[in-house]
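Read the structure below first, then the notes.
The values are calculated or read from the model by the stated rules, or taken from the named source; none is laboratory data. Given the structure is predicted, the values throughout are model-derived calculations rather than measurements. Here Cβ is always computed from backbone atoms with ideal geometry, including for glycine, and neighbour counts include all displayed protein chains. In case anyone asks, the SASA skips ligands and DNA or RNA and just uses the protein heavy atoms, side chains included. Shrake-Rupley method; radii C 1.70, N 1.55, O 1.52, S 1.80 Å.
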Amino acid sequence: QVQLEESGGGSVQAGGSLRLSCAVSGSSASRIHYSAWFRQAPEKGPEGVAAIGSGGGTTYYADSVQGRFTISRDNDKNSLYLEMNSLKPEDTAMYLCAAGWGWPPLNPSTYKYWGQGTQVTVSS
């Protein structure tokens, strides 16, 4: 009912920026309450990075990215974005977008629909 596809990942030097996009489609896409970005690094569990409510006015961020990352959505384009600034090597991970209807917004168990991920690599 909901399909998600990430794009925009790549390699960047520390201090640089990347903008990730997630195309959202499907019969239930307009009913999503929360959309989110998660990341998965080797030997680490999934980490909730940022989440946003359906209206775009409520956002949540992990402490590790607050002040550097910005999540946004464009409902007209059915897209979710993550603007990443001042990137650090610790941000290196596979980034996945997700959609769901539950709570809390940064818990992976909240989300039923996931993209396949896009790799972000930050080098010194």
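Which whole-number percent of Cα pairs in the chain have a distance greater than 22 Å?
Working: 1964 of 7626 pairs.
Every Cα pair in the chain considered, those over 22 Å come to 26 percent.
Give me the accessible area per residue for the chain, probe 1.4 Å, as a whole number in Å². Could you put the intermediate results ahead of the total?
Numbers: 6350 Å² over 124 residues.
Per-residue value: 51 Å².
Suppose each label sits 7 Å from its Cα in the direction of the beta carbon; what would the Thr121-Lys44 distance come out to in nanometres?
With each label point 7 Å from Cα toward Cβ, the separation is 1.6 nm.
Would you kindly find the accessible area of Asp74, with a 1.4 Å probe and non-protein molecules such as ligands, DNA and RNA excluded, rounding to the nearest 10 Å²?
50
Which percent of the accessible heavy-atom area of the chain goes to carbon and sulfur, probe 1.4 angstrom? Walk me through the intermediate numbers first.
Numbers: 2870 of 6350 Å².
Carbon-and-sulfur percentage of accessible area, whole number: 45.
Could the peptides 107-115, 11-19 be put in order, highest first, of the mean number of other beta-carbon atoms found within 10 Å of their residues? Intermediate values should be presented prior to the final figure.
On the way: 107-115: 17.2, 11-19: 13.6.
Packing proxy ranking, top to bottom: 107-115, 11-19.
Counting other Cβ atoms within 10 Å of each Cβ, which GluC sites (Glu not before Pro) in region 25-124 have at most 15 and sit in a DSSP loop? Each step should come with its number before you reach the end.
Numbers: sites: Glu43, Glu47, Glu83, Glu90; in loops: Glu43.
Passing sites in region 25-124 are Glu43.
For region 21-62, divide the Cα radius of gyration by the Kirkwood radius and give the resulting Rg/Rh value with two decimals.
Details: Rg = 12.2 Å, Rh = 11.7 Å.
Expressed as Rg/Rh, it is 1.04.
Roughly how far apart, in whole Å, are the Cα centres of region 51-88 and region 12-29?
9
Which loop trypsin sites (Lys or Arg not before Pro) in region 36-73, with loop taken from DSSP, have no more than 13 other Cβ atoms within 10 angstrom of their Cβ? Don't skip to the end; give the middle numbers.
Details: sites: Arg39, Lys44, Arg68, Arg73; in loops: Lys44, Arg68.
Answer by residue number: Lys44.
Express the relative contact order of region 34-124 as a whole percentage, based on alpha carbon pairs under 8 Å and six or more residues apart in sequence.
Here the relative contact order equals 31 percent.
Could you give the nm distance between label points at Ser109 and Gln3, where each point is 7 Å from its Cα heading toward the beta carbon?
3.0
I need the phi-derived Karplus couplings for region 90-98: 6.51 cos²θ - 1.76 cosθ + 1.60, θ = phi - 60°, integer Hz, Gly and Pro marked x.
5, 7, 4, 4, 7, 9, 10, 9, 8
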